[in-house]
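One structure is given here, and the rest of the page talks about it.
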């Protein structure tokens, strides 16, 4: 059986190569003959490369008495105008038939499409008579106008635009954009592969058009290159050397446009389309603000491996979490939905495991609260499930903290996680494929080592792999005994210039270690920075493994954090729930995001287009080549274009949103509005003049119109992507933890022991 298949394969290959030779040999002969003297063309034996390259053929054709250069320019004029008009009309009609709803739209389109059944030869005479009446017969417009309207082009563009989510157009309309702007600035750029294909086809059709030129043109000065070539053959008396030279000249533009367009056709994402499905490693940290990465503005912190990753990839410097606490943000990453849709609205205090199954662990602090494991994401499909369905082998090493850590999550083949989400850096409770134990080594090293073990296992497998490496670092605790001396010593003499020593904020909650004395401040900052450097060392080991196994050209590496962190910024210690009401300062909601994609055009670049964690879901699936459809409640969009063209301007990427409990945020360009639904004051900042968010302009009449516009846009956005059953604007989370499904009674810890200072101001 195997021999028969092999023989069949060989025969098939021979047949295909024979067809290739039949097609390419005449072309090769033509090129060869164009450089030969007339006497050498039919000489025996045949010489592919002539002894003497006769360039005189091309000179005579182009500059001789035959006006071939004029015919070439005529064709260029007709073709370029035809392509521009045809692409433009295809975009407009395709947009109208796909994105504008009007009565009878689909029926009209079918009627329009049916006209393709009419042979164009039948229309030659009617068109000639009509063109004579219009006065354009025997002009180039007789060739341009018929080519300017393409039924096939409209069909192709319409079908491509139908795949683009309606939410993009709706969001643009909310921003005040009209249909023309939406069409050409938002929708059309997303159709680049289809449009480039049409450019190639339209150019080829128009350049090679002979029938129309023969019927509608009789003035030799208006001849296109195809008429000119026939006329040239008549005038030269079948001088093959000249005819072949003229033929070579005539096909050069087609080759040029094909090669030039092919570059873009392979994508607006050149290099992002790999030979095979890429391996994907996604590294997520816990409570690392965008400021907490070694950079030109932060020299205190030491992250050489993140710097190394950034040099190989693309850094997004305007990347935002969906919620400034860990569990909601992580759930948004894996589902592509906002907290008011997936239902995890606060960090999960309960529901991670069934404590009664593990009586030997009862001595651990807080273990007894874990009375029942809860699958908080039940009914929500993660991108890991899509990856698994598309041939990926998926694994997790590190923190999950989205409920029910006992059972391996759908899509994962290997599942190693922290038992209860949070933990100490030593003696952490961990689950490995359903088995609970204690890890006595530094938890950051444990997570890294399990990731490396998995990679070693997968190195010999044929299937692409996806690996989540979810560090607990740099989450508290930050005490001296929690982190290795080698990393604490890096900051022995650190001045911690990027963490201001300010008076404690009056809204400060007691849910976070607070550096309210010089000693505590230095201890906690040292611990936080050390945790990041230790994590960075783990990132370096993973990158070394990828490079050491020769997989750097086949592996995507993504680095991000779940939420930001304040370590003195604004006088706050903690993240969004470091205060009550929750805060939405950039130090809480802005997070690092670095992505290395093999073959991207501009490694080491920074992209300033605003993006959020809901964009990660479609980005990963797009990179993996997975077919999927975003649900109506998934607002994200793939970042592939931004990754490959990071410095371009993206007008549709100027808005991000964030939520936590009854607090909402919209950031549009340099304007930022924070709205609190009956639970504290609202805020408005002009970040162009106030980047540190120190001057609240809410209530300033100068900004009232802009504030109301942002508020309206924000509410419309959240109305669109919120599940009414899960709407956190109705209240619930106060930063003390979620204990049940959000729609259940007493789902959140409502303890009034919340404030570090001024407890009497508590609004719970």
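Numerical summary
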quantity	calculated
Region 289-309: number of residues that are touching a strand residue (DSSP E or B) at 6+ places or on another chain (Cβ under 7 Å) and outside any loop (DSSP other than H, G, I, E, B)	2
Filter result for residue 609 (buried (at least 21 other Cβ atoms within 10 Å of the Cβ), in the same structural domain as residue 562 (by TED's automatic domain parsing), at pLDDT 85 or above and over 20 Å from residue 280 (Cβ atoms))	yes
Filter result (surrounded by 14 or more Cβ atoms within 10 Å (Cβ to Cβ) and outside any helix (DSSP H, G or I)) within region 373-390	373, 374, 375, 376, 377, 380, 381, 382, 390
Output for region 37-73, where each listed residue is in contact with a helix residue (DSSP H, G or I) (Cβ under 6 Å, 6 or more places away or on another chain) and either under 26 Å from residue 203 (Cβ atoms) or crowded, with 17+ Cβ neighbours inside 10 Å (or both)	41, 57, 58, 61, 62, 66, 68, 69, 71, 72
Of residues in region 664-681 being closer than 21 Å to residue 506 by Cα and out of contact with any helix residue (DSSP H, G or I) (no Cβ under 8 Å at 6 or more places or on another chain), the one surrounded by the fewest Cβ atoms within 10 Å (Cβ to Cβ)	678
Condition met for residue 132 (in a helix (DSSP H, G or I) and either exposed (fewer than 14 other Cβ atoms within 10 Å of the Cβ) or not assigned by TED's automatic domain parsing to the domain that holds residue 74 (or both))	yes
Residue within region 498-517 that is over 22 Å from residue 289 (Cβ atoms) and either in contact (Cβ under 8 Å) with a residue 40 or more places away in the chain or out of contact with any strand residue (DSSP E or B) (no Cβ under 8 Å at 6 or more places or on another chain) (or both) present	yes
Filter result (touching a strand residue (DSSP E or B) at 6+ places or on another chain (Cβ under 9 Å) and either at positive phi or at pLDDT 95 or above (or both)) within region 349-373	351
Residue list for region 609-631, filter: more than 13 Å from the chain's Cα centre (by Cα) and within 23 Å of residue 323 (Cβ to Cβ)	630, 631
Residue 542 being touching a strand residue (DSSP E or B) at 6+ places or on another chain (Cβ under 8 Å) and surrounded by fewer than 18 Cβ atoms within 10 Å (Cβ to Cβ)	no
Residue satisfying condition, being exposed (fewer than 15 other Cβ atoms within 10 Å of the Cβ) and either on the phi < 0 side of the Ramachandran plot or in the same structural domain as residue 335 (by TED's automatic domain parsing) (or both), within set 713, 694	694
Given (1) out of contact with any helix residue (DSSP H, G or I) (no Cβ under 7 Å at 6 or more places or on another chain); (2) farther than 30 Å from residue 550 by Cβ, index of the condition residue 501 fails	(1)
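The values are calculated or read from the model by the stated rules, or taken from the named source; none is laboratory data. This one's a predicted model, so the numbers in the text were calculated from it and none came from an experiment. Heads up, the Cβs are rebuilt from the backbone with ideal geometry, glycines too, and the neighbour counts pull from every protein chain shown.
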